[in-house]
1. Do we find that G190 is exposed (fewer than 15 other Cβ atoms within 10 Å of the Cβ) and of a type in the set (G, A, S) in this structure?
2. Which of the residues belonging to the stretch 219-234 are out of contact with any strand residue (DSSP E or B) (no Cβ under 8 Å at 6 or more places or on another chain) and part of a helix (DSSP H, G or I)?
3. Of all the helices (runs of 4 or more DSSP H) wholly in the stretch 19-98, which have at least 3 residues that are touching a Leu at 6+ places or on another chain (Cβ under 8 Å) and more than 15 Å from the ligand (Cβ to nearest atom)?
4. Can you say whether R386 is more than 16 Å from the ligand (Cβ to nearest atom), in a loop (DSSP other than H, G, I, E, B) and among the charged types (D, E, K, R), as far as the supplied structure shows?
5. Give me the pairs, please: first residue somewhere in the stretch 147-169 and under 23 Å from P348 (Cα atoms) and at pLDDT 95 or above, second residue anywhere and more than 16 Å from the ligand (Cβ to nearest atom) and part of a helix (DSSP H, G or I), beta-carbon distance under 9 Å, and either six or more positions apart or on two chains.
6. Restricting the search to the stretch 329-369, which residues are within 25 Å of V282 (Cα to Cα), more than 16 Å from the ligand (Cβ to nearest atom), touching a residue at least 40 places away in the same chain (Cβ under 8 Å) and part of a helix (DSSP H, G or I)?
7. Could you tell me whether any residue of the stretch 195-207 is within 30 Å of G49 (Cα to Cα), surrounded by fewer than 21 Cβ atoms within 10 Å (Cβ to Cβ) and free of Cβ contacts under 8 Å to residues at least 24 places away in the same chain?
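The values are calculated or read from the model by the stated rules, or taken from the named source; none is laboratory data. Note that the structure is a prediction, hence the values are computed from the model and not measured. All Cβ positions, glycine included, derive from the backbone under ideal geometry; neighbour counts span all protein chains shown.
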Amino acid sequence: MNAKLDALSAHDVLKLNDLGGYTVPTRGLYPFQWNWDAAITALGWLAAGDEARAWREVERLLEGQWDNGMVPHIVFHGDAETYFPGPEVWGVKRSPATSAISQPPVLASVMKLLFEQGRDRRLAEEKLAATLPGVIRYHLWFYRDRDPEHTGRVCSYHPWESGMDNSPQWDGPLAGVPPVDAEYVRRDTGLVDPSERPHKYEYDRYIYLVKFFQQNAHDAEVLYRDCPYRVEDISLISILHRGTRDLIALCEEDAAGLGLVNTHGEALFSLKQSLARTEEGVQALWSDELGYFLSRDARANVLLEHVTTAGILPLFAGVASTAQAQRMGGLLEEWLAQAPFGVASTHPASTRFEPKRYWRGPSWLHINWMLAIGCEEYGMSREADRIKQASQKCIAAAGYYEYFNSVTGEGCGGRDFSWTAAMDLYWLNPLESFTASKAAAGVVEAP
Ligand code: GLC
């Protein structure tokens, strides 16, 4: 069975979701630009041979950047009736309107790939030069506002900030958040099967937090002190760390020809200190008993002992020791054996595993991609290959869905989804993307 045969091509999915320089994750369910979706999707544009469009995705995301450096998780470039909570609920007064939290900053790592792999060198240099300073400010913001005590572990204030919205990791910390007391109407459950979406219990608390940020005027100090949800999210910490390493490398290689090492010397020095702090601080999240890293509820001061893909992302960051990496590699092997379609977001043996419900068990291809990179870089090529094959199986079974039932391969959530198409183009079937890019360039194959 190959679900791709009667579906849109991956490149067509991106084109369908292109609303003019930014790509919506999928029409209807997510009608704006999302932070880490945009980054992953830019790789799809690159692989489809449209490098200018890939950089445009980055530029449009940065249009939402706040003065303090934060790049929000949603940039509301237009109006849409189909999304809740929209700009009026976030109450952020700027144009374009945005949400008030961020998302895992995979952007810097993606920009490094766009720069290194772009064939149009002039374009790559020009675009990198234009965007890099904003991304440096973004990373400085994370360390400054989200780790004011210099623990080496930035914190998040909302499950949505992790991008893994209803992961079992957040069950404990979310229980400390009161439910919102106002009525609201969700839009998501009218668009996709409610059995695949978070419950009302979680939503009531998600919206409480959104209101809380607004009532406290998004003040960094107040939020750090008073936000009822404050979590050290191991995936956010890992992705940020990798991104910071990549940023520094781009500056030190003087990739943009800007002499950033001189003009941004202080910023780079500060980022290097943050790297060193995280390398040390992240070890407080390692569980020797369980053999992987954990997130931590910083309010209650407890480690969150759920086996989720978040705990393996330190491989992507490069902060695990060789011995730690090997233990995680072994865990991944048996994880894949229990649920063969991708790496299940929650370990199949977990009591909270639900193979269809959002981040409680389905597999997500961009996470698999990061895990595969991490495995490869630790010399675990066999695990990396297995992750890749398991991810290819998802697309073959169901096409370009938002995510996949990790036991059956059934497509779940939104259809014609940008990051899944992008991962196919960039990572899983680059040959196809090569053909697409030649077609875009007007190259005709001899019969
Ligand atoms: C959901 C996902 C999040 C993603 C967004 C748009 O909220 O949990 O990770 O960025 O949808 O696709």
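1. On the way: exposed (fewer than 15 other Cβ atoms within 10 Å of the Cβ): yes; of a type in the set (G, A, S): yes.
Criteria met by G190.
2. The answer is A220, E221, V222, L223, Y224, R225, D226.
3. Working: elements: 35-47, 51-62, 87-90.
Result: 35-47, 51-62.
4. On the way: more than 16 Å from the ligand (Cβ to nearest atom): yes; in a loop (DSSP other than H, G, I, E, B): no; among the charged types (D, E, K, R): yes.
Here the answer is no, as R386 does not meet what is asked.
5. Qualifying pairs under 9 Å: P159/P173; Q169/G311.
6. G329, L331, L332, E333
7. Initial filter on the stretch 195-207 (within 30 Å of G49 (Cα to Cα)): none.
Within the stretch 195-207, none of the residues are within 30 Å of G49 (Cα to Cα), surrounded by fewer than 21 Cβ atoms within 10 Å (Cβ to Cβ) and free of Cβ contacts under 8 Å to residues at least 24 places away in the same chain.
Per-residue answers, yes or no, for (1) touching a strand residue (DSSP E or B) at 6+ places or on another chain (Cβ under 9 Å); (2) more than 16 Å from the ligand (Cβ to nearest atom); (3) β-branched (V, I, T); (4) under 21 Å from G318 (Cα atoms):
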{"residue": "M111", "(1), (2), (3), (4)": "no, yes, no, yes"}
{"residue": "L132", "(1), (2), (3), (4)": "no, yes, no, no"}
{"residue": "I136", "(1), (2), (3), (4)": "no, yes, yes, yes"}
{"residue": "F142", "(1), (2), (3), (4)": "no, yes, no, yes"}
{"residue": "G163", "(1), (2), (3), (4)": "yes, no, no, yes"}
{"residue": "A175", "(1), (2), (3), (4)": "no, yes, no, no"}
